[in-house]
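The structure appears below as structure tokens.
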Amino acid sequence: MAEHSASVTVNAPLHQVYQLYSHFNDYPKFMTFVKEVTYLDDQHSHWVVDVVGKHEWDAVNENWVPDGQIGWRSVDGIDNSGLVTFEPVGAAQTRVTVDVRYEPPAGLLGALGEALGAGGQFERRLQHDLEHFAEMVAQAPPGALDPTSSSYLFHAESAVSKGQATRAQEESMGMTGDAP
């Protein structure tokens, strides 16, 4: 099982950062490799990512502690799980740490790819995307940090901004018309 971690300090209070980050559906707005996260119900979600190829899975929420941590575990597709922790750094800053564990796809070939650098590439992208999240929060105009607001921010390098989100993701965010 491969394990990777990244963390960032966000210039916002803990509760606000937790609220923003716990909206999985918004990950394509600031992450480069997450193309879709759609909710199946209040505990299950469907994920589509592009990390050394396109991969999909369904996940169940696990280990959620309000203002403390959020977690998930795949129930099909790529075997993976993760935990995001939130720690206050004073009254106006929050440390976000993401720990991800996954079984590299393609068996022995995947494990070899992980050993030859694919895992390092994933970890660098994860760190980069966490920095995007912190930057978005720091540069947000008033009202732009409400995930339910139409003025909620998108990072310029996100999957959504680059037109790389899936149609299902765009539909879940109300970005497409009724035309097929």
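Structure summary
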{"quantity": "Residues within the stretch 24-43 that are outside any helix (DSSP H, G or I) and under 26 Å from residue 121 (Cβ atoms), tallied", "calculated": "9"}
{"quantity": "Candidates 158, 151, filtered to the one that is modelled with pLDDT under 70, buried (at least 18 other Cβ atoms within 10 Å of the Cβ), on the phi < 0 side of the Ramachandran plot and among the polar types (S, T, N, Q)", "calculated": "158"}
{"quantity": "Residue satisfying all of: in the stretch 19-43; among the hydroxyl-bearing types (Ser, Thr, Tyr) and over 21 Å from residue 97 (Cα atoms); surrounded by the most Cβ atoms within 10 Å (Cβ to Cβ) among these", "calculated": "38"}
{"quantity": "Single condition residue 16 does not satisfy, out of (1) more than 16 Å from residue 122 (Cα to Cα); (2) at pLDDT below 95; (3) surrounded by 18 or more Cβ atoms within 10 Å (Cβ to Cβ)", "calculated": "(3)"}
{"quantity": "Flag if residue 134 is modelled with pLDDT under 80, part of a helix (DSSP H, G or I) and of a type in the set (Gly, Ala, Ser)", "calculated": "no"}
{"quantity": "Qualifying residue in the stretch 26-35 (condition: in contact (Cβ under 8 Å) with a residue 24 or more places away in the chain and over 18 Å from residue 128 (Cβ atoms))", "calculated": "no"}
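Every residue, every condition in (1) surrounded by 15 or more Cβ atoms within 10 Å (Cβ to Cβ); (2) touching a Leu at 6+ places or on another chain (Cβ under 8 Å); (3) assigned to a strand (DSSP E or B); (4) not polar (S, T, N, Q), yes or no:
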position	(1), (2), (3), (4)
3	no, no, yes, yes
45	yes, no, yes, no
61	yes, no, yes, no
71	yes, yes, yes, yes
90	no, no, no, yes
99	yes, yes, yes, yes
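The values are calculated or read from the model by the stated rules, or taken from the named source; none is laboratory data. Please read all numbers here as calculations on a predicted model, not as lab measurements. Note: ideal-geometry Cβ built from the backbone for every residue, glycine included; neighbour counts use all protein chains shown.
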